[in-house]
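Structure record follows, encoded as structure tokens.
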Amino acid sequence: MAQEADAAETPKQQDGSSKPLLPRQPGDDVTTELTDPITVSDEKKTESLAAYMEGIAAQKNGQLDDALKAFRRAVEADPTAAEPVRAHALLLMRLGRTRQAVEEAQKAIELDPDDFETRIQLAVLMLTRRDPAAAARLIEEALGSARLSRASREFVSIHAVRGRLYIQVGDASKAAESYSVLLDALERPEDFGLDFREHQKLMTDRATGYDTIGKVMLEVGRNDKAVQAFSALVRINEDRPGDYHYWQALAQYRLDDLEASEKNLNRYFETNDRSRESLRLLSDLYRASSRSADVIPRLEQLAENTNDAGAVKLFMGDLLVEKGDADAAAKVYQGVIDQTGDADAWLGLIRVAIVKRDPAELQLSVLKALRARIQIAELLPLRPLITNDPEFGRQVLTTAVESLKDDTVEQNPVATFFYSQLAGADYLDLPELEGILLQATLDQNPTPDVGIEAMGRLGLNQYMQENYQDAVTTFRRLLSIPGLPDNEQVITLYRLSAAEAENQNFEEAIAAIETALKLRPQNPQLMYQLGLIQLQAKKYDDSEETLKAAIKVSESDPRLEGQNRILLGGLYSQLGRWDDAIAVYQGLLEMPGITEELVRRGRMALSNAFVQKGDLVNGEKILEEVYAETPDDPGVNNDLGYLYADQNKNLEQAEKMVRIAVDAEPDNPAYLDSLGWVLYRLGRYDEALQALKKATGDPDYRDSTILEHLGDVQKALKQDDDARRSWQEAQDIEKASKAPDDTILKRLKTKLAPAEDPAGDSVP
């Protein structure tokens, strides 16, 4: 393609230069041509047209202030004409008057739905303002313009911006759509009317060149397009060895073109670079072509005459570890240490010890690695290799804990802390050993960063093991460290408040969370915690005020707002304020964007509030709707089954439903109570007695309703003295509750007067 011919066909701007392909910043490439002729039908439109043309002339001569004034006059004369508004907006962008530019640009695109030029300029502006969502909307609108030719430089320009945008927001699939267009433009520029300079600019711009296009295509699995892009790079660079040979080889490997892939990979190796990714590709190629036995000899060749010899040897050792040849791998790693002192080889020796399942060798290798200045962050990726085998993981931890008792064994706080993290891993979950190792870490005077993290984890470990006083002591010790970062203070104060609350030290718990709120004012999570503790401390008015404020400040976060609404509804329910509870739960369910779990919890709570208020119809209706959606949910089955039993209807179905709940949680007293109550309604008193005795078997959990039901069954079985004892205990518990229910107390009083209620049946 001849440069002169292309240049001759390129449209010129009024200053004589070729129009640039891509806008570099908002306001570039102000369109000066009229897209639609203005019909001069009255004096104002004539005035507008004259002012617009005056602005064009002034802008051409670099008199930007005069141009701005002229465009403004044109807009004022005829606000319905799109061209003056667009010119005004684009010049405002060029002058950096962003707010006004956005306003005028919005007017321009409203006046002209097919105005893709202003939309793309406004999209670029939105990107500079870090509003990718608005930019994406504008770009998609621009692509939908009826005036936009799919075989034009403008089409390419829009896709160049679109590709960058979607790369920025991490949407590789949409980015690939645009980069496919750019690849076509690079390969066939004449199809889009690109001249030589525009084509070169597109090719040399890192964001739109072959290299980026190929990598994006690889990411989304369009390997044929990736091969096309990297082949172009190879061609342009006259097949000189380069990184693009590796990328080409990778794309060809994914297309199962193994011979071509190996050829290009070898060209890459001629650069004398040895990236780990390229070595992995080599191994994969040899395995795919049934030559795995030849990989190590080839790696030995690649380790010669290169500055990356250590990297090749390390990869060779890793490959041997993967194959289970621990002794050969250890020899390679030791050779790297002897020749280069590369500390990463010590990580390799740790992997060797893991393969050999040798806890003592592992402990020694960890110590040596730390002496070689390996950091804790480099050890952490090794955790799954140890913990995925629980038996070996326990052996490692046992060895580590036992070594703490042996004064002849060298200790290192980072190593001890590393082992503590193994103990806390999901596959092992050994909290006692974790606590021992965390305390040992602190006893070894670690560096501040390790010490702070270890102390925080120790306090959390103690809390999770219900050693609340020890947790309080640890958290307060952590807070006493001078210069403790604000974020650590907030987290620790939050945990301290929870531990103090578990100890029933509510004033101290409130003080801790209020201190955290001074560091993070109006934080909805902290406000939720304060409201919860105030509720636990029976400071109901304070809790209500806190939770209302928390709901207000969390309106932008459905999860946090929902969490605060659930707790406020629980507060109202606890106080028997059923109308308030219903209003809160209904507000929760009307929120946009809440999770399915919050919807479920809200509907269940709303149903319960209706039932407790005495509105059984609405309570039952909501539960039946939830049941229809989740018929296997134990909680839903229990609640609806109990409600049926309480109304003495659908008893056979109620029994089936409640048994689903009991089968899921055989020791749940609420579920056992429901079962006992259904069986009582069915007249199966002996079975009901068995279920209710199990429900009341925990001396630390006493519930007035369950005890009342037990008394009712005992009365039906003519166990009158036992019935009276159960009813009396139920009455005592209800009287001592936070919000005694007068209906329940009245019913129990009647039952405790045998002459008045010989049947002893509960009033529904």
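The values are calculated or read from the model by the stated rules, or taken from the named source; none is laboratory data. Computed from a prediction, not measured in an experiment: that's the story for all the values here. Cβ atoms come from the backbone with ideal geometry, glycine included; neighbour counts cover every protein chain shown. Accessible surface areas use protein heavy atoms only, side chains included; no ligands, DNA or RNA. Shrake-Rupley method; radii C 1.70, N 1.55, O 1.52, S 1.80 Å.
Things worth noting here:
Yes/no per residue for (1) modelled with pLDDT under 95; (2) among the small types (Gly, Ala, Ser); (3) more than 26 Å from Lys174 (Cβ to Cβ):
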position: Met217; (1), (2), (3): no, no, no
position: Asp239; (1), (2), (3): yes, no, yes
position: His245; (1), (2), (3): no, no, yes
position: Ala249; (1), (2), (3): no, yes, yes
position: Asn264; (1), (2), (3): no, no, yes
position: Phe269; (1), (2), (3): no, no, yes
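- Of all residues making up the stretch 595-606, the number that are buried (at least 16 other Cβ atoms within 10 Å of the Cβ) and more than 15 Å from Leu568 (Cβ to Cβ): 4
- When each of Gln504, Gln522 is tested for being polar (S, T, N, Q) and without any contact (Cβ under 8 Å) to a residue 12 or more places away in the chain, the lone residue that passes is Gln504.
- Consider the stretch 706-750 and keep the residues that are touching a Leu at 6+ places or on another chain (Cβ under 8 Å) and in a loop (DSSP other than H, G, I, E, B). The one that is surrounded by the most Cβ atoms within 10 Å (Cβ to Cβ) is Leu717.
- Checking each residue in the stretch 474-510 for being in a helix (DSSP H, G or I) and surrounded by fewer than 15 Cβ atoms within 10 Å (Cβ to Cβ) picks out Arg477, Asp486, Asn487, Glu507.
- In the stretch 561-581, the residues that are under 22 Å from Glu597 (Cβ atoms) and open to solvent by less than 30 Å² (accessible area, probe 1.4 Å) reach residues that are part of a loop (DSSP other than H, G, I, E, B) and acidic (Asp, Glu) with C-beta atoms within less than 8 angstrom, at least six apart or across chains, in these pairs: Glu561/Glu555.
- Selected residue (criterion: nearest to Asp741 (Cα to Cα)) from residues of the stretch 656-704 that are among the small types (Gly, Ala, Ser) and open to solvent by less than 40 Å² (accessible area, probe 1.4 Å): Ser704
- Residues that are open to solvent by 50 Å² or more (accessible area, probe 1.4 Å) and closer than 13 Å to Glu410 by Cβ, drawn from the stretch 352-387: Ala360, Leu364, Lys368, Arg371
- Exactly one residue among Val321, Val336, Val396, Val312 is assigned to a helix (DSSP H, G or I), open to solvent by less than 20 Å² (accessible area, probe 1.4 Å) and farther than 29 Å from Leu282 by Cβ, and that residue is Val396.
- Single unsatisfied condition, Gly451 versus (1) buried (at least 23 other Cβ atoms within 10 Å of the Cβ); (2) closer than 13 Å to Pro413 by Cβ: (1)
- Apart from one condition, Leu95 fits all of (1) crowded, with 19+ Cβ neighbours inside 10 Å; (2) more than 34 Å from the chain's Cα centre (by Cα); (3) under 30 Å from Arg72 (Cβ atoms); the exception is (1).
- Any hit, the stretch 201-213, residues being surrounded by fewer than 15 Cβ atoms within 10 Å (Cβ to Cβ), over 34 Å from the mean Cα position of the chain (by Cα) and not polar (S, T, N, Q): no
- Elements of type helices (runs of 4 or more DSSP H) in the stretch 59-111, at least 3 residues being touching a Leu at 6+ places or on another chain (Cβ under 7 Å) and in contact (Cβ under 8 Å) with a residue 40 or more places away in the chain: 82-94
- Annotation: of all residues in the stretch 133-162 being over 20 Å from Lys201 (Cβ atoms) and basic (Lys, Arg), the one that is least open to solvent (accessible area, probe 1.4 Å) is Arg147.
- The set of residues in the stretch 277-303 that are of a type outside the set (Gly, Ala, Ser) and closer than 21 Å to Arg240 by Cα comprises Glu277, Leu279, Leu281, Leu282, Leu302.
- Across the stretch 437-453, a minimum of one residue is classified as within 22 Å of Leu526 (Cα to Cα) and either at pLDDT 95 or above or part of a helix (DSSP H, G or I) (or both).
- Hey, Glu219 within 24 Å of Ile167 (Cβ to Cβ) and open to solvent by 60 Å² or more (accessible area, probe 1.4 Å) or not: yes
- Residues in the stretch 434-474 that are touching a residue at least 12 places away in the same chain (Cβ under 8 Å), over 24 Å from Asn487 (Cβ atoms) and acidic (Asp, Glu): Glu466 alone.
To keep it simple, each residue is scored yes or no on (1) of a type outside the set (A, V, I, L, M, F, W, C); (2) part of a helix (DSSP H, G or I).
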{"residue": "Ala146", "(1), (2)": "no, no"}
{"residue": "Val156", "(1), (2)": "no, yes"}
{"residue": "Val161", "(1), (2)": "no, yes"}
{"residue": "Ala185", "(1), (2)": "no, yes"}
{"residue": "Lys201", "(1), (2)": "yes, yes"}
{"residue": "Asp211", "(1), (2)": "yes, yes"}
{"residue": "Ser231", "(1), (2)": "yes, yes"}
{"residue": "Arg235", "(1), (2)": "yes, yes"}
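- Residue match in the stretch 276-299 (condition: assigned to a loop (DSSP other than H, G, I, E, B) and of a type in the set (Val, Ile, Thr)): no
- Some residue of the stretch 263-270 being touching a Lys or Arg at 6+ places or on another chain (Cβ under 8 Å) and either in contact (Cβ under 8 Å) with a residue 40 or more places away in the chain or of a type in the set (D, E, K, R) (or both): no
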